[in-house]
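Read the structure below first, then the notes.
The values are calculated or read from the model by the stated rules, or taken from the named source; none is laboratory data. Values in this document were obtained by computation on a predicted structure and should not be read as measured data. Reconstructed Cβ throughout: ideal geometry from the backbone, glycine too, with neighbour counts over all protein chains shown.
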Amino acid sequence: MSRVLFWLFVMPAIACITITVLVNLNSEKVQPQQEKPRVAQDFATIFKQADYVVELNIYLKSPPDSEERFIGSGFVFKEKNDGKESFYIMTANHLIDIPYEITKIIANFKCGCDSQEIEAVGGDILTDSALLKFKNPDYQFKCNTAVLGDSDELMPGEPVMAIGSPFLMSYAVTVGVVSKILDNPIDYGLFQPSFIMHTAFVNPGNSGGPVINKYGEVIGINTIMFNNNWNNLLSTSFAGAIPINDAKSLLKEIKPAQSEPVQPEKEAEKLEK
């Protein structure tokens with residue numbers, strides 16, 4: 001039986017040629033610091049608070065003088081730099097690492113904030129994660145930002161939720177459980193350092209979107225779906241997500257050294273107000 005892997009973005013039929021930004025994957029992982037017990041919530045409540053989810057409209061130059069658009073997903077988080085908050089978007093690298101000229105990237109936000117133009121900071125083919133920034137350096141995101149959790153804590157059977165824009169359906173939700181943590185994906189024909197396999201249904205357009213645990217923390221980035229049927233793209237068996245700790249390693253390489261991630265407990269206090 002053949003296994004088919006599909007990248008989760010909606011775009012014209014093109015062959016992706018990767019342009020790699022190499023990083024050191026042996027960087028020390030950033031662990032979230034907890035000062036008070038986390039409280040599990042139902043996914044309906046978590047979804048209401050997930051203002052940070054982004055729909056990415058990526059425009060490609062198309063001859064002679066037109067543009068084509070494809071859709072991906074992402075999420076906003078913030079960091080502190082010399083006491084100043086800076087806002088970034090994390091997504092999947094394969095959305096921006098393509099053999100076509102990207103003319104612009106427009107971000108729409110679940111919270112209803114005005115759309116913003118964004119641009120790439122850097123990305124990594126091995127973890128399939130990428131960092132984007134707002135083109136306006138003074139832009140202040142006024143809604144809740146993502147809390148980055150600790151993907152090393154995940155166990156098979158734990159519930160998870162995926163949010164994205166499959167088939168142009170903005171901010172659609174699916175839920176499932178963690179099926180398996182692949183620590184040696186090469187055995188399955190994958191080259192990423194590790195993978196979170198889960199059963200939350202995903203489709204083209206979910207790429208780069210967050211996988212969220214029962215505490216409302218982002219613990220993964222959706223990147224592929226596994227399919228055993230060439231003729232039915234909807235017969236997804238599992239989804240694959242990059243562990244958020246692997247993406248944090250990328251951040252340490254391409255972000256300024258003085259940047260300090262906003263701690264989850266401080267963001268959680270904001271969500272409770």
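Evaluate region 119-133: report whether one residue or more is within 18 Å of the chain's Cα centre (by Cα), at positive phi and among the acidic types (Asp, Glu). Yes, region 119-133 contains at least one residue that is within 18 Å of the chain's Cα centre (by Cα), at positive phi and among the acidic types (Asp, Glu). Considering ILE89, ILE106, ILE96, the condition of being within 22 Å of THR145 (Cβ to Cβ), among the aliphatic types (A, V, I, L, M), without any contact (Cβ under 8 Å) to a residue 40 or more places away in the chain and in the same structural domain as LYS135 (by TED's automatic domain parsing) is satisfied by ILE96 alone. Scanning region 101-122 for residues that are closer than 17 Å to GLN140 by Cβ and of a type in the set (Asp, Glu), we see that the one that is surrounded by the most Cβ atoms within 10 Å (Cβ to Cβ) is GLU117.
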